[in-house]
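Trainee: I have a structure I would like to understand better, so I am pasting it below and will then ask my questions one at a time.
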Amino acid sequence: MFKIEQLAKRKRFGELLVEKGAITQDELNTVLSLMGRTNEKIGKLLVDLGTMSEADLVKNLSEYLGIPSITSEEFPNVPVLENTFSVKFMRECRFIPIGVVDESELVLAMADPLDRSTLDAVRLYSKFKTLKIVLAPESEILDLIEKFYGNQASSLGRIVEGIGEDGADGLGDESDDIEHLKDLASEAPVIRLVNLIISRAIEARASDIHIEPFEKDLKVRYRIDGVLYDVESPPKRLKAAVISRVKIMAKLNIAERRIPQDGRIKMKVLGHDIDLRVSTLPTMYGESVVMRVLDKSNTQIYDLESLGFSENMLAGIESLISRPHGIILVTGPTGSGKTTTLYAALTKINLPDKKIITIEDPVEYQINGINQIHVNPQIGLTFAAGLRSIVRQDPDVIMVGEMRDLETAEIGIRAALTGHLVFSTLHTNDAPSAIARLVDMGAEDYLIASSVLGVLAQRLVRIICPSCRVKAELGPTYLKEVGFPIDFGDQIYEGRGCKDCANTGYRGRIGVYELMLMNDEIRKLTIQNSDSSKLRKAAQAAGMITLRQDGFEKVKHGLTTIAEVIRVTQES
């Protein structure tokens, strides 16, 4: 076991954190100045101020002290010792017994393993003279104490109790006391509360965090694998404090509640560099806040091969993106993964001999070697204006976040016809509808026919949880009704639900796609201004696999369920 005296010979913990890049020197200076005034330890202050997550603190402290750490998954399911230590003693000293080795050694989970007085007291009040210490997050230790010995109060509940009634109750729904609101939102308990909401979302793999005020409550919901779930929420009295804290973090105006605002939060959570895209919207009962979670450390999203394309479709896409000029469109509703597909395609062709420029709203992920522009309509930098300037920058490849209007479409078509490869997105239900959408915008049909190379439509389906996957028993009548081949009925799986997937039966998502490649027949139909149903028949005759057919192929491979494919696709 480590000796406390050895620490005197090492660098200080804060200095090592700065060296590793876990915190900045300014953040360390702030914490050191507070330590002198509050007598709190550095780790607690780092977490309270939102500088580090508890998980990151434990990981770094474990390395620094040479003490093993433990997570909640490794905690026991039953109390190890009963009637030995008082609940008050364990809460105040932030420890809990979690194991006994050979009836002679007690294993303690502690938030502060340097607390000698607590270790001496444990030896005094128990029969164990030998103690084995493991490091654990303070909130998880307190959760376990509550589970085994207390009244089941959660981490969020304990933080809310710490805030008390006084500070928040003085703030009405439309309080004009901005300074009071700012002070309350900057207090450690409110900071911990908002950080807990965010860190829980990251742990749950949420893509969006919704904080919504209603008449009688404040609701927090996470969107996980495309579906919204209610989670534990703070009381309504903390509405103003919680929303103001988020707005302060996103550098928004907390005094302005009448108009929507957009901002961004950059933070490190559970070892991940996270960008939160923040949007506020005034509603009847206060401001609704939505935070889109963008994990900058997740580089796998740029891998075209990992997005779920079949071999034939992947070959078709790789052939398209290797063309020297033309337009490639990706279509689908909001949240269907269009931007991820475009980034993966751009990453694939991001070579030294190509200049790639994108114009996006907003830039979601930064890709090294690609020039990315954030549109700003307030200063006149729209998609159309930016695209007009991009063409003069001698690019080889251009990506336009969305073709929203005729002007953008016309400039994109012109760029494609003058030797540029153009990527963009449209909001249509399927691939053939993209052609009709461009015509509806007012683009000339003969220009569309000569510039568009192909259209990829996509959706995201949830993947069956591998931990609880079992064979599904579906009758032939049902399979016939939905159009699934009866011969493959014994290859259908479903998820029963388990702790790994929060009892949903699903964990993660994968794409289903349809790729329409332009050919002479489709070009002829485009010039004849044919409707999307005729274009669809021509595309299918040329070998296009529809969204539902691609989804059913993934059902055959045990990746998803029939119900999930039907939920996200539609058949015309």
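Trainee: Considering only residues that are surrounded by fewer than 21 Cβ atoms within 10 Å (Cβ to Cβ) and of a type in the set (A, V, I, L, M), look in segment 338-365 and name the one that is modelled with the highest pLDDT.
Mentor: Ile349
Trainee: Residues that are touching a Gly at 6+ places or on another chain (Cβ under 6 Å), at least 2 per element: which helices (runs of 4 or more DSSP H) completely within segment 499-571 meet that?
Mentor: none
Trainee: What residue, among those in segment 1-17 that are touching a helix residue (DSSP H, G or I) at 6+ places or on another chain (Cβ under 7 Å) and open to solvent by less than 40 Å² (accessible area, probe 1.4 Å), is modelled with the lowest pLDDT?
Mentor: Phe2
Trainee: Now, a different point. Out of Glu481, Glu473, which single residue is out of contact with any Lys or Arg (no Cβ under 9 Å at 6 or more places or on another chain), open to solvent by 20 Å² or more (accessible area, probe 1.4 Å), over 30 Å from Leu438 (Cβ atoms) and part of a loop (DSSP other than H, G, I, E, B)?
Mentor: The unique qualifying residue is Glu473.
Trainee: What residue, among those in segment 101-142 that are in contact with a Phe, Trp or Tyr (Cβ under 8 Å, 6 or more places away or on another chain) and β-branched (Val, Ile, Thr), is surrounded by the fewest Cβ atoms within 10 Å (Cβ to Cβ)?
Mentor: Thr118
Trainee: What tally of residues in segment 212-243 results from selecting those that are more than 14 Å from Ile163 (Cβ to Cβ) and outside any loop (DSSP other than H, G, I, E, B)?
Mentor: Count: 14.
Trainee: Can I ask one more? Do you know which of the residues in segment 37-60 that are over 22 Å from the mean Cα position of the chain (by Cα) and open to solvent by less than 40 Å² (accessible area, probe 1.4 Å) is nearest to Asn195 (Cα to Cα)?
Mentor: Per the criteria, the residue is Asp48.
Per-residue answers, yes or no, for (1) closer than 26 Å to Leu453 by Cα; (2) open to solvent by 80 Å² or more (accessible area, probe 1.4 Å); (3) among the basic types (Lys, Arg):
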| site | (1), (2), (3) |
| --- | --- |
| Thr526 | yes, no, no |
| Ser530 | yes, no, no |
| Ala541 | yes, yes, no |
| Arg548 | yes, no, yes |
| Lys556 | no, no, yes |
| Thr560 | no, no, no |
| Val565 | no, no, no |
| Gln570 | yes, yes, no |
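Trainee: Taking segment 419-449 as the region of interest, how many residues are open to solvent by 30 Å² or more (accessible area, probe 1.4 Å), part of a loop (DSSP other than H, G, I, E, B) and without any contact (Cβ under 8 Å) to a residue 60 or more places away in the chain?
Mentor: Result for segment 419-449: 2.
The values are calculated or read from the model by the stated rules, or taken from the named source; none is laboratory data. Owing to the predicted nature of the structure, the values given are computational and were not obtained by experimental measurement. Because the Cβ atoms are built from the backbone with ideal geometry, glycine has one as well, and the counts that use them run over all protein chains shown. Only protein heavy atoms, including side chains, enter the accessible area calculation; ligands, DNA and RNA are left aside. Shrake-Rupley method; radii C 1.70, N 1.55, O 1.52, S 1.80 Å.
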